[in-house]
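The values are calculated or read from the model by the stated rules, or taken from the named source; none is laboratory data. Bear in mind that the values here come from a model prediction, so they are computed numbers and not experimental data. Heads up, the Cβs are rebuilt from the backbone with ideal geometry, glycines too, and the neighbour counts pull from every protein chain shown.
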């Protein structure tokens, strides 16, 4: 699928800094993304429009970041059969636990894949892994990224570990 492939949604501009690692990792993997601000509560019609037109606009996965009641991922999932990756964001008095539970406890028939609180990098990686099911080149880039990550851990072990203290 050519063009923009991952739609990234946030409910508020204040969520941008927390979601940027998802966009960065997608870019590093050569995956195009497009970011929009749309609130499940304040602009519900816009959320429906983005969700219902995502496939025809060339998107294959949607990442939706939200805090507090975290309604955005579920609202998006209610209006598309594309995979939706929920990114619960830390905010409010519960530090994101409310958002995590809201995303993870979706009703039967309207699933969202949920990553950890503020785990934007994992949200981007999961979206890329979903896309890689039909994209061998992306799959290869993901394998290379994993090997690079493993080498960095091995180098850390060589510097500070080695089993002796």
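Taking the stated definitions as given, is residue 78 modelled with pLDDT of 95 or more, buried (at least 16 other Cβ atoms within 10 Å of the Cβ) and more than 18 Å from residue 15 (Cα to Cα)?
So residue 78 fits the description; yes.
For the stretch 1-52, how many residues are exposed (fewer than 15 other Cβ atoms within 10 Å of the Cβ), in a helix (DSSP H, G or I) and in contact with a strand residue (DSSP E or B) (Cβ under 8 Å, 6 or more places away or on another chain)?
Residues meeting the conditions: 3.
Given the residues 84, 110, which is the only one that is buried (at least 19 other Cβ atoms within 10 Å of the Cβ) and touching a residue at least 12 places away in the same chain (Cβ under 8 Å)?
Sole residue among the options that is buried (at least 19 other Cβ atoms within 10 Å of the Cβ) and touching a residue at least 12 places away in the same chain (Cβ under 8 Å): 84.
Does residue 116 meet the test of being closer than 28 Å to residue 140 by Cβ, in contact (Cβ under 8 Å) with a residue 12 or more places away in the chain and surrounded by fewer than 23 Cβ atoms within 10 Å (Cβ to Cβ)?
When the stated conditions are applied, residue 116 passes them.
Where the second residue is in a loop (DSSP other than H, G, I, E, B) and the first is without any contact (Cβ under 8 Å) to a residue 60 or more places away in the chain and lies in the stretch 24-41, which pairs have Cβ atoms under 6 Å and are six or more apart or on separate chains?
32/4; 32/5; 34/4; 39/11
Looking at the structure I just gave you, is residue 63 under 15 Å from the mean Cα position of the chain (by Cα) and assigned to a strand (DSSP E or B)?
The answer is yes for residue 63.
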